[in-house]
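Engineer: Questions regarding the structure given below will be posed in turn.
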Amino acid sequence: IAYSFDQDSFIAEYLGSFGIAVYSYYGIGQWMYRLVSGALAAPVEAPAEDADEAAVAEYEAEVAEWEALNLSGIEMYALDTDAAAELLDADGWNLNREGEAFTAGEDDVRCKEIEGEIVPLEFTMIYPEGNTAAESLQATFADNLKRAGIALTMEPKPFAELLQIYYRQVERDCDMVFLATNFGDVFEPSATFNPAEALQGVHNRTGVADEELYNLALEMRATEPGDVLGYCQKWVAFQERWTEIMPTLPIYSNVYFDFYPPTLHNYNAGADTSWAEAIVGAYLGDVEAEVEAEPIGDDTAVFID
């Protein structure tokens, strides 16, 4: 399925400059991703000038561990319907509806004999009613699935009804859900991928039951406070396993912009956990002029009066 999705074209058509492709279970604003990708400097304190060889060696070893962190082990599924077809053939999806050999371009869908029954590879995907993504998904996803031999029907649903299906508050009668979600300020995915039956639905929305992925999530949670390097190493291992089993198809991470006038003061959106919290202490007033302070050494500090 992932090999049949034209991720770059979908983002360009649907989001333009306001979305960036992602390839696993992360967002571009998360501190773990920013550290591993190099967008943030590693939190390693350089040794003092008079430090002994042991301290210098320890510092250099930690720097080397940070530099070794990367996302190169994440499986990336670029559009390749031939690769998708090969995987389907290898898994036995090589028949047509009559039980004869599937012929691309002639037969409408791949089938497989399962317990004596010819089963077609047909999926239904629901999406929020009124969402313009449907037009982009047809060309960048559904049409490519058809080339690989997979039939996809897309159905719009009222958002409230879609959420009930997504959280399994009602019986799920679809195979895929097109839906975006936010990450919490604290990244703790163990409940999201807990294989226990009792957590299916509200917590584990995908239904994936992979013990290795779940244990990697538990290892992240068990990290000693302050061990940023250790946590990031576990986070990378979790991301690599996630793309191996692919419980959902990652598409994009949004880029948000926050515009406000200079008459709004004490509005610290980056320091607070949400807009709702940031706005509580904010207030409207006159535009304040910038006042240059006296030079301090070789630097000049600028304050708001």
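The values are calculated or read from the model by the stated rules, or taken from the named source; none is laboratory data. On a predicted model such as this, the values are computed, not experimentally measured, just so you know. Here the Cβ is made from the backbone with ideal geometry for all residues, glycine too, and neighbour counts use every protein chain on show. What goes into the accessible areas is simple: the full protein's heavy atoms, side chains included, and nothing from ligands, DNA or RNA. Shrake-Rupley method; radii C 1.70, N 1.55, O 1.52, S 1.80 Å.
Engineer: Extension gain Tyr283-Ala46, at 0.36 nm per residue separation less the Cα-Cα distance, in nm? Before the final figure, lay out each step's value.
Structural biologist: Working: separation 237, 0.36 × 237 = 85.32 nm, distance 4.11 nm.
Separation in residues times 0.36 nm, less the Cα-Cα distance, equals 81.2 nm.
Engineer: Got a number for carbon plus sulfur as a percent of the chain's accessible area, 1.4 Å probe? Let's see the in-between values first.
Structural biologist: Numbers: 9170 of 18620 Å².
Percent of accessible area from carbon and sulfur atoms in the chain: 49.
Engineer: Compute, for Thr124, the solvent-accessible surface of its heavy atoms (probe 1.4 Å) with the complete set of protein chains present, and express it in square angstrom to the nearest 10.
Structural biologist: 30 Å²
Engineer: Work out the FRET efficiency for Ala55 and Ala191 from their Cβ-Cβ distance, taking R0 = 41 Å, and round it to the nearest 0.05.
Structural biologist: Working: r = 41 Å, r/R0 = 0.99.
Rounded to the nearest 0.05, the efficiency is 0.50.
Engineer: In the range 116-188, which GluC sites (Glu not before Pro) are in a loop and have at most 12 other Cβ atoms within 10 Å, using DSSP for the loop call? Present the calculation step by step, with values, prior to reporting the outcome.
Structural biologist: On the way: sites: Glu117, Glu122, Glu129, Glu135, Glu161, Glu171; in loops: Glu129, Glu171.
When the GluC sites (Glu not before Pro) of the range 116-188 are filtered for loop state and at most 12 Cβ neighbours within 10 Å, Glu171 remain.
Engineer: Still on this structure: Over the Cα atoms of the range 48-91, what radius of gyration and what Dmax do you get, in Å?
Structural biologist: 22.1, 65
Engineer: Which percentage, to the nearest 5, of the DSSP beta bridges contained in the chain is antiparallel? Before the final figure, lay out the partial values.
Structural biologist: On the way: 15 of 25 bridges.
If we restrict to bridges inside the chain, about 60 percent are antiparallel.
Engineer: Using the basic label-point model (7 angstrom from Cα toward the beta carbon), what is the Asp82 to Met246 distance in nanometres?
Structural biologist: 1.8 nm
Engineer: Would you mind working out the accessible area per residue for the chain, using a 1.4 Å probe, and quoting it in Å²?
Structural biologist: Values: 18620 Å² over 305 residues.
The answer is 61 Å² per residue.
Engineer: Between Met176 and Asp227, what's the calculated FRET efficiency when r is the beta-carbon distance and R0 is 30 Å? Round to 0.05. Mind showing how you got there, number by number?
Structural biologist: Details: r = 38 Å, r/R0 = 1.26.
It comes out at approximately 0.20.
Engineer: Beyond 26 Å, what share of the Cα-Cα pairs of the chain is found? Please give it as a whole percent. Write down the numbers at each step before the final one.
Structural biologist: On the way: 28888 of 46360 pairs.
The proportion of pairs with Cα distances above 26 Å equals 62 percent.
Engineer: As an exercise, use a Förster radius of 35 Å and the Cβ-Cβ distance of Asp108 and Glu161 to find the FRET efficiency, rounded to the nearest 0.05.
Structural biologist: Numbers: r = 29 Å, r/R0 = 0.83.
E between Asp108 and Glu161, to the nearest 0.05, is 0.75.
Engineer: Shifting gears a bit: Lysines within cross-link reach of Lys146: Cα-Cα under 22 Å, excluding same-chain residues under 8 positions apart?
Structural biologist: Of all the lysines, those that pass the test against Lys146 - Cα under 22 Å, at least 8 places apart if same chain - are Lys112.
Engineer: In the neighborhood of Val202, defined by Cβ-to-Cβ distances under 14 Å, what is the net charge if each Lys or Arg adds +1 and each Asp or Glu adds -1?
Structural biologist: Working: positive: Arg168, Arg172, Arg205; negative: Glu197.
Combined, the nearby Lys, Arg, Asp and Glu give +2.
Engineer: On to the next question. For the chain, what relative contact order do you get, as a whole percent, if you take Cα pairs closer than 8 Å and at least 6 residues apart? Please list the in-between numbers first.
Structural biologist: On the way: 395 pairs, mean separation 56.5, N = 305.
19 percent.
Engineer: Only sites in a loop by DSSP and with at most 16 other Cβ atoms within 10 Å count here; which trypsin sites (Lys or Arg not before Pro) in the range 137-236 make the cut?
Structural biologist: Arg168, Arg172
Engineer: Taking the Cβ of Leu216 as the centre, find all other residues whose Cβ is under 12 Å away and add up their charges (Lys, Arg: +1; Asp, Glu: -1).
Structural biologist: Details: positive: Arg221, Lys234, Arg241; negative: Asp210, Glu211, Glu212, Glu219, Glu240, Glu244.
Here the count lands on -3.
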